[in-house]
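Colleague: The following block contains the structure, expressed as structure tokens.
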Amino acid sequence: MRKTAAVLVMAVTAALTGSASAWAVAWDNVKPVVDSGKSTAGLQKLVWTATNQAPVDAAFADGSLSSDGGAGLAQVYSHTNQQMYYKSASQCASAKAAVADADAKYTLAAWCFSGADETSDAWVPQAVTSSQDAQQSSGYSAGGDEIVGLWRQAANAGNRGRCTSVPDDAGRSVNLRATFIQRPYTDGTHSAYRHVLLVAPTGNGNVIAPICDVHGGGAVWYGPYLFVSWHGAGFKVFDTRRTYKIPYDTTCGTGGGAPGVNDIGVVGGRVCAAGYRYVMVQVGQFATTPSGCTTTPTSLNAGLCFSGISLQWSDNSIVSSEYRNPADMTASAVPARIVNWSTADLVNRITTGSATPVTATRLATTNFEGVQGVMERPNATSGRAEFYISRTVPGNDSSELWYEHDGDGVCPAKGVYVDNAEQVSYWVDSDGNGHLWTFTEYGGRRMLVRIYTNEYNDPPSGCPTQ
């Protein structure tokens with residue numbers, strides 16, 4: 001239902017002033033707002049807790065876990081087993097519909113997947129990061145030019161055997177996997193990939209366990225670490241150096257047979273990973289203190305959620321953002337939050353084991369609903385923050401990409417975008433041009449997409465509305 005002009009003015013005024021009742025309005029036709037420079041004083045902090053690696057170390061020592069030439073990512077890239085295809089290939093005939101509008105207007109590159117990875121929604125891509133993110137960590141070499149996708153496995157009655165607390169609900173998740181892709185070229189070459197199952201060490205005799213009920217809406221590869229957003233609490237952290245081979249990957253099921261979807265851990269005396277050849281192990285997690293996440297917060301400083309994450313290159317901070325649907329936005333007393341966390345502080349806690357809380361370095365707020373991901377950087381001329389915001393449009397399959405240069409007196413600009421877009425990740429080509437990577441989510445329309453940022457930052461002729 002459309003609101004009168006007077007109500008809209010009141011809504012936008014309230015949004016800008018941050019009053020407690022600002023967000024209890026309908027959001028159709030409200031001018032979009034991104035407001036940086038908010039105080040982080042009082043905002044929840046993050047505390048590190050390491051996971052016990054002894055079960056995994058013992059299993060690697062006795063050969064229950066092994067490696068192809070050494071633990072780490074090199075073995076994964078040397079044993080890729082699937083192929084992506086460029087948008088012009090016949091294999092992408094169906095998927096191209098998801099990018100057609102943006103493809104007709106902009107410089108857009110896109111690739112589809114192989115087989116069930118393309119057609120099935122059993123596994124759904126959520127986030128993307130790259131070796132360029134990883135190499136923002138001083139002195140770290142990723143070993144190549146790579147893209148990493150993060151997928152979640154939708155929960156159902158048949159796959160919850162080792163995530164029994166997760167309900168039979170496709171919106172919930174029972175596993176996470178990372179897809180390591182040789183960064184694909186537009187001629188269709190250099191695009192081989194392999195999935196790696198993400199697991200947690202466990203001390204109950206099973207060695208490894210699945211990552212249960214983590215949506216994985218964001219991922220950042222930074223140095224050797226893969227940070228994964230944990231919606232209700234913060235980040236799960238995995239170490240790429242702790243990537244191991246399952247020695248009996250295809251014969252670790254009951255009686256030495258093919259493993260089933262629930263065969264994760266020790267099955268019949270063998271470590272198993274549901275048929276995956278490689279696993280990457282969680283080394284710990286950052287959780288909010290005080291704890292608590294709500295999609296309808298009453299305070300700017302509490303109830304922080306972690307829907308998507310990306311890396312801001314200028315200061316090496318992880319940028320977390322919150323997804324809210326229209327009902328959440330209407331019921332919330334405060335706007336959605338975009339928060340920066342210093343990677344120097346995060347890595348310090350990982351390497352030292354310190355429980356000293358990590359404090360956010362910056363805070364911005366926005367009235368965008370359906371935020372899937374945010375890329376933030378300082379404007380090259382003004383130094384003020386600029387944002388690219390990927391959002392889904394509630395109620396249909398479309399998505400929007402918005403650009404905002406904070407404090408320039410011009411409202412956010414919206415460009416033609418792809419369908420069902422997920423988190424975004426920054427990337428620079430060999431000519432120095434900035435791009436964003438994203439995924440289109442659903443089977444049959446699933447693509448890895450690269451867009452040129454300069455085509456999305458034109459000031460609007462009039463202030464557009466959500």
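Colleague: Is it the case that some residue within the range 336-348 is in contact with a Phe, Trp or Tyr (Cβ under 6 Å, 6 or more places away or on another chain), among the hydroxyl-bearing types (Ser, Thr, Tyr) and touching a residue at least 60 places away in the same chain (Cβ under 8 Å)?
Modeller: yes
Colleague: Further, regarding this structure: Filter the range 391-419 down to the residues that are among the small types (Gly, Ala, Ser) and under 30 Å from residue 87 (Cα atoms), then identify the one that is nearest to the chain's Cα centre (by Cα).
Modeller: Top of the filtered list is 399.
Colleague: Out of all the residues in the range 310-319, is one or more among the β-branched types (Val, Ile, Thr) and under 17 Å from residue 368 (Cα atoms)?
Modeller: Looking for residues that are among the β-branched types (Val, Ile, Thr) and under 17 Å from residue 368 (Cα atoms), one finds at least one in the range 310-319, hence yes.
Colleague: Quick check on the range 186-206: of everything there that is buried (at least 23 other Cβ atoms within 10 Å of the Cβ) and among the β-branched types (Val, Ile, Thr), which residue is nearest to residue 59 (Cα to Cα)?
Modeller: Among residues in the range 186-206 that are buried (at least 23 other Cβ atoms within 10 Å of the Cβ) and among the β-branched types (Val, Ile, Thr), the one nearest to residue 59 (Cα to Cα) is 199.
Colleague: Taking the criterion of being out of contact with any Gly (no Cβ under 8 Å at 6 or more places or on another chain), of a type in the set (A, V, I, L, M, F, W, C) and closer than 23 Å to residue 451 by Cβ, would at least one residue in the range 361-379 satisfy it?
Modeller: Checked the range 361-379: at least one residue is out of contact with any Gly (no Cβ under 8 Å at 6 or more places or on another chain), of a type in the set (A, V, I, L, M, F, W, C) and closer than 23 Å to residue 451 by Cβ.
Matching residues to (1) of a type in the set (Ser, Thr, Tyr); (2) on the phi > 0 side of the Ramachandran plot; (3) in a loop (DSSP other than H, G, I, E, B):
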{"residue": "377", "(1), (2), (3)": "no, no, no"}
{"residue": "380", "(1), (2), (3)": "no, no, yes"}
{"residue": "403", "(1), (2), (3)": "yes, no, no"}
{"residue": "450", "(1), (2), (3)": "no, no, no"}
{"residue": "454", "(1), (2), (3)": "no, no, no"}
{"residue": "461", "(1), (2), (3)": "yes, no, yes"}
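Colleague: Test residue 127 against the stated conditions and say whether it is surrounded by fewer than 20 Cβ atoms within 10 Å (Cβ to Cβ), under 25 Å from residue 213 (Cα atoms) and aliphatic (A, V, I, L, M).
Modeller: no
Colleague: So, of the residues in the range 171-184 that are assigned to a loop (DSSP other than H, G, I, E, B) and touching a residue at least 40 places away in the same chain (Cβ under 8 Å), which turns out to be farthest from residue 205 (Cα to Cα)?
Modeller: 184
Colleague: Still on this structure: If you check residue 380 against the conditions, is it at pLDDT below 95 and more than 18 Å from the chain's Cα centre (by Cα)? Can you show your working first?
Modeller: On the way: at pLDDT below 95: yes; more than 18 Å from the chain's Cα centre (by Cα): yes.
When the stated conditions are applied, residue 380 passes them.
Colleague: Output the qualifying pairs, or none if there are none: Cβ atoms under 8 angstrom, residues six or more apart or on different chains, first residue in the range 211-237 and hydrophobic (A, V, I, L, M, F, W, C), second residue part of a loop (DSSP other than H, G, I, E, B) and open to solvent by 20 Å² or more (accessible area, probe 1.4 Å).
Modeller: Here the result reads 212/162; 212/165; 214/231; 233/291; 233/293, each pair linking the range 211-237 to a residue that is part of a loop (DSSP other than H, G, I, E, B) and open to solvent by 20 Å² or more (accessible area, probe 1.4 Å).
Colleague: A further question follows. Identify the single condition in (1) in a loop (DSSP other than H, G, I, E, B); (2) in contact (Cβ under 8 Å) with a residue 40 or more places away in the chain; (3) over 21 Å from the mean Cα position of the chain (by Cα) that residue 164 does not satisfy, given that it satisfies every other one.
Modeller: Answer for residue 164: the failing condition is (2).
Colleague: Does the range 147-159 include one or more residues that are in a loop (DSSP other than H, G, I, E, B), of a type in the set (Gly, Ala, Ser) and surrounded by fewer than 17 Cβ atoms within 10 Å (Cβ to Cβ)?
Modeller: Yes.
Colleague: Next up: One residue is enough: does the range 341-363 have a residue meeting the conditions closer than 20 Å to residue 389 by Cα, assigned to a strand (DSSP E or B) and open to solvent by 10 Å² or more (accessible area, probe 1.4 Å)?
Modeller: Checked the range 341-363: at least one residue is closer than 20 Å to residue 389 by Cα, assigned to a strand (DSSP E or B) and open to solvent by 10 Å² or more (accessible area, probe 1.4 Å).
Colleague: Which residues, counting only those in the range 364-389, are touching a residue at least 60 places away in the same chain (Cβ under 8 Å), among the small types (Gly, Ala, Ser) and open to solvent by less than 10 Å² (accessible area, probe 1.4 Å)?
Modeller: Once the filter is applied, which keeps residues that are touching a residue at least 60 places away in the same chain (Cβ under 8 Å), among the small types (Gly, Ala, Ser) and open to solvent by less than 10 Å² (accessible area, probe 1.4 Å), the range 364-389 yields 364, 373.
Yes or no, residue by residue, for (1) modelled with pLDDT of 90 or more; (2) in contact with a helix residue (DSSP H, G or I) (Cβ under 6 Å, 6 or more places away or on another chain):
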{"residue": "1", "(1), (2)": "no, no"}
{"residue": "27", "(1), (2)": "no, yes"}
{"residue": "38", "(1), (2)": "yes, no"}
{"residue": "50", "(1), (2)": "yes, no"}
{"residue": "62", "(1), (2)": "yes, no"}
{"residue": "70", "(1), (2)": "yes, no"}
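Colleague: Related question: Just name the residue that is nearest to residue 439 (Cα to Cα) out of those in the range 75-92 that are touching a strand residue (DSSP E or B) at 6+ places or on another chain (Cβ under 9 Å), in a helix (DSSP H, G or I) and open to solvent by 30 Å² or more (accessible area, probe 1.4 Å).
Modeller: Only one residue tops the list, namely 91.
Colleague: Hey, which of the strands (runs of 3 or more DSSP E) in the range 268-331, taking only ones fully inside, have at least 3 residues that are of a type in the set (Ser, Thr, Tyr)?
Modeller: 278-289, 317-321
Colleague: Going through the range 272-304 one residue at a time, which ones are under 22 Å from residue 60 (Cα atoms), touching a residue at least 40 places away in the same chain (Cβ under 8 Å) and either open to solvent by 40 Å² or more (accessible area, probe 1.4 Å) or of a type outside the set (Gly, Ala, Ser) (or both)?
Modeller: 276, 277, 278, 279, 280, 281, 282, 283
Colleague: Considering only residues that are touching a residue at least 60 places away in the same chain (Cβ under 8 Å), in a loop (DSSP other than H, G, I, E, B) and either out of contact with any Ser or Thr (no Cβ under 6 Å at 6 or more places or on another chain) or aromatic (Phe, Trp, Tyr) (or both), which ones fall in the range 44-70?
Modeller: 51, 52, 53, 63, 64, 65, 67, 68
Colleague: Here are some residues: 234, 260, 223, 269. Which one is open to solvent by 10 Å² or more (accessible area, probe 1.4 Å), on the phi > 0 side of the Ramachandran plot and either at pLDDT 95 or above or not polar (S, T, N, Q) (or both)?
Modeller: That would be 269, the only listed residue that is open to solvent by 10 Å² or more (accessible area, probe 1.4 Å), on the phi > 0 side of the Ramachandran plot and either at pLDDT 95 or above or not polar (S, T, N, Q) (or both).
Colleague: In addition: Here are the criteria: (1) farther than 18 Å from residue 311 by Cα; (2) in contact with a helix residue (DSSP H, G or I) (Cβ under 7 Å, 6 or more places away or on another chain); (3) modelled with pLDDT of 95 or more; (4) not polar (S, T, N, Q). Tell me which single one residue 415 does not satisfy.
Modeller: Here residue 415 meets the rest and fails (3).
The values are calculated or read from the model by the stated rules, or taken from the named source; none is laboratory data. What you are looking at is a predicted structure, and each value in this text was computed from that prediction instead of being measured. Every residue, glycine among them, receives a Cβ derived from its backbone with ideal geometry; neighbour counts consider all protein chains shown. We work out accessible area using only protein heavy atoms, side chains counted, and drop any ligands, DNA or RNA first. Shrake-Rupley method; radii C 1.70, N 1.55, O 1.52, S 1.80 Å.
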